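Step one of this worksheet: look at the structure below.
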Amino acid sequence: MENNTTPLAGKPSPVSDSKVGMIVVSVGLLVVGLIAGYVIGKSGSGDVVYQTATPTAPATTSPTSSPSIPSSWKTYISQHGYEFRYPAEWTLQEGMKNEFTGVTPVTITNQDKRMEFYVEFPASYLMEPSVGGGRLGTSTTIAETVWKSIVFNDGVPGYAPPHDSLYLYTTRGDVRYSITLYPNDNTQLEKTFSPILSTFRFTN
C-alpha cells in the first residue's frame, strides 16, 4: 500500500551528517588557504632588487699636457716656416743675414742661457753634421718631428767649456732646421729649454 504521508510543516528534512562534515571541512580549508595566501603575499610584497654587474670602463691613458704658457710670453714668427714663444725677460736678436742662403739666424738669451734657431737650404747639398769632438745625444720629438742631437764641448758650434751645448737638427723637404741650446750638460734636454721648445711650430 502506497505511503502518502505528507511531512509536517516547519520540520526540515533530515540531512546526513557526512555531508555536513564535508562542507565544514571545505570551508575551513578555504579560510586557511586565504589566510596563508595573505600572509605569504604580505611578507613578499617588497620590491625585488636585481643585482647586475656594472661594466668596468677600459683604462685609458691621458696624454701629458704641455706646460702652461703665460700670456705674457712673446711670439716670434719666422719667414722661413717656423714660430715659437719665449718669456718676456728673454732677449731676442736676429743675426747677420747669410748672403748665400738668405737666412737670418735668431738667438734668444737670458743671462747665461742661450738658444739659437737656424735654417739652412737646400738641405740636399748639406752634409750630415759631423760629431767631431762631440757625442751623439738622444733624439727628441719637437712639433711632431723627430730631431737628432749632438752634444758638443769643444767650441762647436760656437760654445766653449765649461759647459756643453746641445745641437738639435731635423730636415723637412729640402730645408734643415737646427736649434742649439747652451748650457746643456747632458744628452737630454735641460728643463729650462723644454717649455720654449714645446711652443715651437712649423708654419709651412
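Shape call for region 87-202 from the C-alpha gyration tensor, a ≥ b ≥ c root eigenvalues: rounded (a/c under 1.5), prolate (a/b greater than b/c) or oblate? Because its axes are fairly even, with a/c under 1.5, region 87-202 counts as rounded. Charged side chains reduced to their Cβ positions (Lys and Arg at +1, Asp and Glu at -1) give region 87-202 a dipole of some 200 debye around its Cα centre.
Read-outs throughout are calculated quantities, based only on the coordinates presented, and are distinct from any laboratory measurement. These figures come from a predicted structure and were not determined experimentally. Note that we place each Cβ from the backbone using ideal geometry, even for glycine, and neighbour counts take in every protein chain shown.
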